[in-house]
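Participant: Before anything else, here's the structure in question.
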2 protein chains.
Amino acid sequence: MKALYLEKAQLKIITLPQPSPLRNEALVKVLKAGLCNTDLELIRGYLEFEGIPGHEFVGQVVEAANSNLVGKRVVGDINLGCGKCEYCLGGRKEHCPSRQVLGILNKDGALAEYLTLPMDNLHVLPPRISDVEAVFIEPLAASLEILEQIRIRRQDSVLVLGDGKLGLLIAQVLKLKTPKVSCVGKHRRKLEILKEKEIETHLLGTRIREKFDIVVEATGNEKGLNEALSVAKAKGTIILKSTFQGETKVDVSKVVVDEIHLIGSRCGPFSRAIEVLSRKQVEVEKMVDGDFPLDRAKEAFAFAQKPETLKVLITP
Amino acid sequence: MKALYLEKAQLKIITLPQPSPLRNEALVKVLKAGLCNTDLELIRGYLEFEGIPGHEFVGQVVEAANSNLVGKRVVGDINLGCGKCEYCLGGRKEHCPSRQVLGILNKDGALAEYLTLPMDNLHVLPPRISDVEAVFIEPLAASLEILEQIRIRRQDSVLVLGDGKLGLLIAQVLKLKTPKVSCVGKHRRKLEILKEKEIETHLLGTRIREKFDIVVEATGNEKGLNEALSVAKAKGTIILKSTFQGETKVDVSKVVVDEIHLIGSRCGPFSRAIEVLSRKQVEVEKMVDGDFPLDRAKEAFAFAQKPETLKVLITP
């Protein structure tokens, strides 16, 4: 099969044998995949990943021990746990110390014609979710994870830092809980998507005098946390969503004196994301800026790295 | 009156007029005061404080509009709020944006013969708490704040980083909630106080293979947070207690990937601290390494700065 392969920070299109599913796995033909900021970080050396990248996808099951799955259109939870540790037994395999993560950690990903995933990881899609929408289920689930971690009350004010792909999803998701959601971003065009959802928007650099009960850091860069600290109320909560290579200088004393809660937030519930998309509660299709064939995946990565680009899709 | 005065990072003993209490304040004769790590940070420039330092004290009310208070032995909550903002109205005056803090922020402190504090800040002491014990009420309250912020279950494992004054109090307080408390410190003598309370202790540098549900960072230095991150379980909680001048380099992606909760923690409930001390549930007197007259306060500071020193008291 054709696949995009990352090795020593270089991407190349190569031909590989079609993967063989393990007994608990399904073989999935990839219908469409999406590029995420983490993919861009991987090619900058994050996690030193080598293999086929890609973890946002929709596909069709070609082969599986469970015959009910064969032929079904699916998305898939990207974490594979050992099944035995306290995290796996507690239903949080995304924290299994020996986990594999699709296209991120010791497991080939979705930027290929086929992938394999445990059957338990797969979620069958209802027909009313399109392939393009389905690619957003993984990042939408990650956005919904915030609602699993903290209670947001209708009176809480929320500021989302970052108008990237994840920031736009998060702002829309939090808007389902409180009317008081604002977003700070760099791009008028991206913020426009939120304005249509009646979310207040500010261009970066605008002075914001208000302080917020909840601040979500989704800038994807190291400055985000300190910006978040400067606009969070005392006793406020900061949700950290950005993963990137390197360290950030933080004024830890401010966290202590203001008794801030900082909460790291990663993968989330696929079933909730499928529900939210089925109900058309968030806008995703307007976020698509390009759809490239797999052959042109390197070009797709180059396009995705431009600051003004939102979601880039790849169709094998 | 005689007072210790901090100006341009220099301490000196000077004579000042006895302070005049405002209408809502009491005049308190200081019986005994304690030095805390924050005091040592102040003389290194933290918060650029100028004035009389000192915020841990026990005193006797000399003058107050409420005559019931006069003659009483008291300790005092160190935060003075505006009384009007959302924090003051919500009972969290320690987060009032225009607050004063005794001996720390725009309010002369306890290293003098007299101080003033709002009558509402004062707590009358039961006779079974000695003057020496009473000086520990403020830091003990700060330790108990952790129990206000998170729920600790009997099965939770806790690691306290730091065997300083605050670390020793915190380890003892958390031991009231779970048997699984350990402490990492630099000094055998200090850790000995915890061993007597059946708290597991490790000398810094010992390799700790276990990971912990809850880690309390009380090292007082910038390395503490990264040490805490290296021993916290995924989905674990890190309580931050150290305040110091400067910034710390943090691997923010680790916080995100492991979905760590980082919680800043500062002042706490005096009434609970008085209760805990009345019941002799924590050992404090063994932590006293010196008691200096006010005239020798500079010497007391020099002694307190030695790494091996625990609590230093000053008696005006």
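Participant: Given B:223/B:286; B:29/B:186; A:177/A:254; A:177/B:249; A:107/B:211; B:107/B:165, which pairs have Cα atoms separated by over 31 Å? Write down the numbers at each step before the final one.
Facilitator: Values: B:223/B:286 27 Å; B:29/B:186 37 Å; A:177/A:254 28 Å; A:177/B:249 34 Å; A:107/B:211 26 Å; B:107/B:165 24 Å.
In this structure, B:29/B:186; A:177/B:249 lie more than 31 Å apart at Cα.
Participant: Starting from a label point 7 Å past Cα on the Cβ side, list the distances from residue B:315 to the same position in the other copies, nm, shortest first.
Facilitator: Taking the point 7 Å beyond Cα along Cα→Cβ, the inter-copy spacings are 8.6 nm.
Participant: Quick check for me: using +1 on Lys/Arg Cβ and -1 on Asp/Glu Cβ, what's the dipole size of the protein assembly as shown about its Cα centre, in debye to the nearest 20?
Facilitator: Dipole about the Cα centre, nearest 20: 640 debye.
Participant: Based on the Cβ-Cβ distance of residue A:85 and residue B:62, what FRET efficiency does E = 1/(1 + (r/R0)^6) give at R0 = 45 Å, to the nearest 0.05?
Facilitator: About 0.15, to the nearest 0.05.
Participant: Roughly how big is chain A's charge dipole about its Cα centre, with Cβ charges of +1 (Lys, Arg) and -1 (Asp, Glu), in debye to the nearest 20? Don't skip to the answer; put the middle values down first.
Facilitator: Values: 46 positive and 42 negative charges, 137 e Å.
Dipole size: approximately 660 debye.
Participant: Pairwise over distinct Cα atoms, reciprocal of the mean inverse distance: report the Kirkwood radius of the protein assembly as shown in Å, one decimal place. List each step's numbers first, then the result.
Facilitator: Details: mean 1/r = 0.0373 Å⁻¹.
After inverting the mean inverse Cα-Cα distance, the result is 26.8 Å.
Participant: Here's something else I'd like to know. Report the accessible surface area buried between chains A and B, summing both sides, using a 1.4 Å probe on protein heavy atoms only, in Å² rounded to the nearest 100. Numbers along the way, then the final one.
Facilitator: On the way: alone 14740 and 14760 Å², together 26170 Å².
Interface between A and B: roughly 3300 Å².
Participant: I want to verify a result. In a Gaussian network model of chain B, Cα cutoff 10 Å, which of these has the top mean-square fluctuation: B:196, B:113, B:94?
Facilitator: Top of the fluctuation ranking is B:196.
Participant: With a 1.4 Å probe and all protein chains kept in place, how much accessible area does residue A:258 have, in Å² rounded to the nearest 10?
Facilitator: Counting only protein heavy atoms, residue A:258 exposes about 30 Å² to solvent.
Participant: At what distance in nm do the modelled label points of residue A:120 and residue A:188 sit from each other, each positioned 7 Å from its Cα along Cα→Cβ?
Facilitator: In this crude spin-label approximation the distance works out to 5.1 nm.
Participant: Let me ask something else about it. Taking Cα pairs under 8 Å and at least six residues apart, what relative contact order does chain A come out at, in percent? Intermediate values should be presented prior to the final figure.
Facilitator: Values: 699 pairs, mean separation 58.1, N = 316.
Taking the mean separation of contacting Cα pairs over the length of chain A, I get 18 percent.
Participant: Here's something else I'd like to know. Can you give me the accessible area per residue for the protein assembly as shown, using a 1.4 Å probe, in Å²? Numbers along the way, then the final one.
Facilitator: On the way: 26170 Å² over 632 residues.
Here the per-residue accessible area is 41 Å².
Participant: With a bin width of 10 angstrom, please list the P(r) values of region B:143-264 as percents of all Cα-Cα pairs, from the 0 bin to the one holding the largest distance.
Facilitator: 14, 50, 32, 4
Participant: Moving on. Can you tell me how chain B classifies by the Cα gyration tensor, rounded, prolate or oblate, using a/c under 1.5 as the rounded cut? Working shown, then result.
Facilitator: Details: a/c = 1.65, a/b = 1.59, b/c = 1.04.
Prolate.
Participant: Still on this model: What percent antiparallel are the DSSP beta bridges of the protein assembly as shown, to the nearest 5? Don't skip to the end; give the middle numbers.
Facilitator: Numbers: 67 of 119 bridges.
The antiparallel proportion sits near 55 percent.
Participant: Ignoring ligands, DNA and RNA, how do A:233, A:29 rank by accessible area with a 1.4 Å probe, largest first?
Facilitator: On the way: A:233 35, A:29 80 Å².
Per-residue accessible area, sorted high to low, gives A:29, A:233.
Participant: Run the numbers on region A:1-157 and let me know its relative contact order in percent, using alpha-carbon pairs under 8 Å that are six or more apart. Please list the in-between numbers first.
Facilitator: Values: 308 pairs, mean separation 43.3, N = 157.
Rounded, it is 28 percent for region A:1-157.
Participant: Can you give the direction-averaged projected area of the convex hull of the alpha-carbon atoms in region B:14-70, in nm²? Before the final figure, lay out each step's value.
Facilitator: Numbers: hull surface 19.6 nm².
Result: 4.9 nm².
Participant: Moving on. Taking a label point 7 Å out from Cα toward Cβ, give me the nm distances from residue A:192 to the same spot in the other copies, shortest first, one decimal.
Facilitator: From this label point to the equivalent ones elsewhere in the assembly: 7.4 nm.
Participant: Given a 1.4 Å probe, show me the residues in region B:78-104 buried by at least 50 Å² of accessible surface when comparing the whole protein assembly to the chain alone.
Facilitator: Hits at the 50 Å² cut-off: B:87, B:95.
Participant: Then there is this: Pop a pseudo-label 7 angstrom from the Cα along the beta-carbon direction at both residue B:203 and residue B:2 and give the gap in nm to one decimal.
Facilitator: Those two pseudo-labels are separated by 4.1 nm.
Participant: In whole percent, and with a 1.4 Å probe on the protein chains, what portion of the accessible area of region A:143-264 is carbon and sulfur? All intermediate terms of the calculation are to be shown ahead of the outcome.
Facilitator: Values: 2170 of 4860 Å².
Answer for region A:143-264: carbon and sulfur cover 45 percent of the accessible area.
Participant: Would you tell me the mean number of C-beta atoms belonging to other protein chains that fall within 10 Å of each C-beta in B:262-271, as a whole number?
Facilitator: Working: counts 10, 8, 13, 4, 6, 2, 0, 0, 0, 0.
Averaged over the peptide's residues, the number is 4.
Participant: While we're here: Sort region B:1-119 into rounded, prolate or oblate with this rule: let a ≥ b ≥ c be the square roots of the eigenvalues of the Cα gyration tensor; rounded if a/c is under 1.5, and if a/c is not under 1.5, prolate when a/b is larger than b/c, oblate otherwise.
Facilitator: Working: a/c = 1.91, a/b = 1.11, b/c = 1.73.
Since a/c reaches 1.5 but b/c is at least a/b, the shape of region B:1-119 is classed as oblate.
Participant: Which distances, shortest first and in nm, link residue B:113 to the matching position in the other copies, using label points set 7 Å out along Cα to C-beta?
Facilitator: 9.3
Participant: Still on this structure, I have one more. Looking only at other chains, what is the average number of their beta-carbon atoms within 10 angstrom of each beta-carbon in B:241-250?
Facilitator: Values: counts 1, 3, 6, 3, 2, 4, 8, 8, 5, 8.
Going residue by residue through B:241-250 and averaging, the value is 5.
Participant: Please state the charge dipole magnitude for region A:143-264, taken about the Cα centre, from unit charges on C-beta atoms (+1 on K and R, -1 on D and E), reported in debye and rounded to the nearest 20. Please report the intermediate quantities before stating the final value.
Facilitator: Working: 22 positive and 17 negative charges, 78 e Å.
Here the size comes out at about 380 debye.
Participant: Still on this structure, I have one more. Along the positive direction of the dipole of region B:124-250 (beta-carbon charges: Lys, Arg +1; Asp, Glu -1; about the Cα centre), which of B:130, B:216, B:142 reaches farthest?
Facilitator: B:216
Participant: Compute the acute angle (0 to 90°) between the alpha-carbon long axis of helix B:137-149 and the principal axis of greatest extent of the alpha-carbon atoms of chain B; round to the nearest 10°.
Facilitator: Once rounded, the angle reads 40 degrees.
Participant: Oh, and also: So for the pair residue B:298, residue B:43, with labels modelled 7 Å out along Cα→Cβ, what separation do we get in nm?
Facilitator: In this crude spin-label approximation the distance works out to 1.0 nm.
Participant: Rounded to the nearest 0.05, what FRET efficiency do residue A:285 and residue B:147 have when you use their Cβ-Cβ distance and R0 = 56 Å? Don't skip to the answer; put the middle values down first.
Facilitator: Values: r = 48 Å, r/R0 = 0.86.
That gives a FRET efficiency of 0.70.
Participant: Find, among the GluC sites (Glu not before Pro) in region B:132-166, those assigned to loop by DSSP (not H, G, I, E, B) with at most 12 other beta-carbon atoms within 10 angstrom. Don't skip to the end; give the middle numbers.
Facilitator: Working: sites: B:133, B:145, B:148; in loops: none.
Qualifying residues, ordered by number: none.
Participant: Any idea which of B:162, B:27, A:45 is furthest toward the positive side of the dipole for the protein assembly as shown, if Lys and Arg beta-carbons carry +1 and Asp and Glu beta-carbons -1?
Facilitator: Of the candidates, B:27 comes out farthest on the positive side.
The values are calculated or read from the model by the stated rules, or taken from the named source; none is laboratory data. The model shown is predicted, which means the values in this text are computed figures rather than measured ones. All Cβ positions, even for glycine, are placed from backbone atoms using ideal geometry, and neighbour counts span all protein chains on display. We work out accessible area using only protein heavy atoms, side chains counted, and drop any ligands, DNA or RNA first. Shrake-Rupley method; radii C 1.70, N 1.55, O 1.52, S 1.80 Å.
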